[in-house]
Amino acid sequence: MPRQYAASILHLDDSVGCIVRAIDSAGLKEQTLIVFNIDNGGSTAQNNDTQYPDDQYLNGPLTGNNLPYRGQKGAFYEGGTRVPTIARWPGKLPAGTACETPVHIVDRMPTFAALAKYSKDTARPRWDGTNIWPLLEGTGQLQERQIYLAGPGFQSRSLRDGSWKLIVFNGKRGSPEKNELFNISLDPAEKHDLSRMFLDKVIELHTKLNVTSASD
């Protein structure tokens, strides 16, 4: 299984390279913004799910590795949600620079719209994201904001507010919901649940989470 998993990654990498070379060969690299990221952290799920057609790969666990972060694809721990993004636009973005500011996938729409000089119709639903272009090109910073995530069927939700992160797991079959609280700056691997130590912070973030979730 590790060999097939590695081969899939190499094939994807080569395919992205083909696209980049085609853009460059056409003389369009200065007019083309390329953004690449994955949607979730690596997975260690079994490759024998009967919901999908047989892919002729060996059955067994996938070999995703999100260390030093906790969790995997589908989880709200950092290993499931903290993923890299690469942006390339020669002449517009400085090459070889890194940005550690957390952003969200919903930031793409307002960012691309701003680059295209599109003015959103006020009659349309609001966009949840923020134009992050000034952050990417190094001319500005984002205002501090909350980052909200919701899982399928709202079985789990999370809210990051500054260094604090609350994860709420909905109870099943009448059982109470479970809260976990982490300080991401001090504990990025989320080894220490602080929910019992900082109950006031749990209540504060839970209230903010419910307000955000109600408008989702």
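Overview of values
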item: Qualifying helices (runs of 4 or more DSSP H) (wholly inside the stretch 25-144; at least 1 residues being over 27 Å from N179 (Cβ atoms) and touching a Gly at 6+ places or on another chain (Cβ under 6 Å)); result: 108-115, 133-137
item: Unique residue being of a type in the set (V, I, T), in contact (Cβ under 8 Å) with a residue 12 or more places away in the chain, surrounded by 14 or more Cβ atoms within 10 Å (Cβ to Cβ) and within 22 Å of R160 (Cα to Cα) when the list is T101, T130; result: T130
item: Filtered residue count, the stretch 8-54, keeping only those that are at pLDDT 85 or above and of a type in the set (G, A, S); result: 7
item: Every residue from the stretch 60-95 that is in contact with a Pro (Cβ under 7 Å, 6 or more places away or on another chain) and among the hydroxyl-bearing types (S, T, Y); result: T63, Y69
item: Qualifying residue in the stretch 165-179 (condition: part of a loop (DSSP other than H, G, I, E, B) and in contact with a Phe, Trp or Tyr (Cβ under 7 Å, 6 or more places away or on another chain)); result: yes
item: Selection within the stretch 27-40 - open to solvent by 60 Å² or more (accessible area, probe 1.4 Å) and among the small types (G, A, S); result: none
item: Considering residues of the stretch 145-163 that are open to solvent by 50 Å² or more (accessible area, probe 1.4 Å) and outside any loop (DSSP other than H, G, I, E, B) only, the residue nearest to R108 (Cα to Cα); result: Q146
item: Residue pairs meeting the criteria (Cβ under 6 Å; at least 6 apart or on separate chains; first within 14 Å of Y77 (Cα to Cα), in the stretch 186-214; second surrounded by fewer than 16 Cβ atoms within 10 Å (Cβ to Cβ)); result: A189/P68
item: Test: residue in the stretch 194-201 that is under 26 Å from N66 (Cβ atoms) and modelled with pLDDT under 90; result: no
item: Residue within the stretch 70-90 that is open to solvent by 100 Å² or more (accessible area, probe 1.4 Å), on the phi < 0 side of the Ramachandran plot, of a type in the set (V, I, T) and at pLDDT 90 or above present; result: yes
item: Residues within the stretch 165-193 that are modelled with pLDDT of 95 or more, open to solvent by 50 Å² or more (accessible area, probe 1.4 Å) and within 23 Å of S215 (Cβ to Cβ), tallied; result: 0
item: Scope the stretch 128-159; condition more than 30 Å from A116 (Cα to Cα) and at pLDDT 90 or above; matching residues; result: R157, S158, L159
item: Tally, over the stretch 13-26, of residues that are under 26 Å from the mean Cα position of the chain (by Cα) and open to solvent by 90 Å² or more (accessible area, probe 1.4 Å); result: 2
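The values are calculated or read from the model by the stated rules, or taken from the named source; none is laboratory data. The structure displayed is predicted, hence computed values, not measured ones. Counting neighbours? That spans all protein chains shown, and the Cβs are built from the backbone with ideal geometry, glycine included. These accessible areas exclude ligands, DNA and RNA; they are computed on the full protein's heavy atoms, side chains included. Shrake-Rupley method; radii C 1.70, N 1.55, O 1.52, S 1.80 Å.
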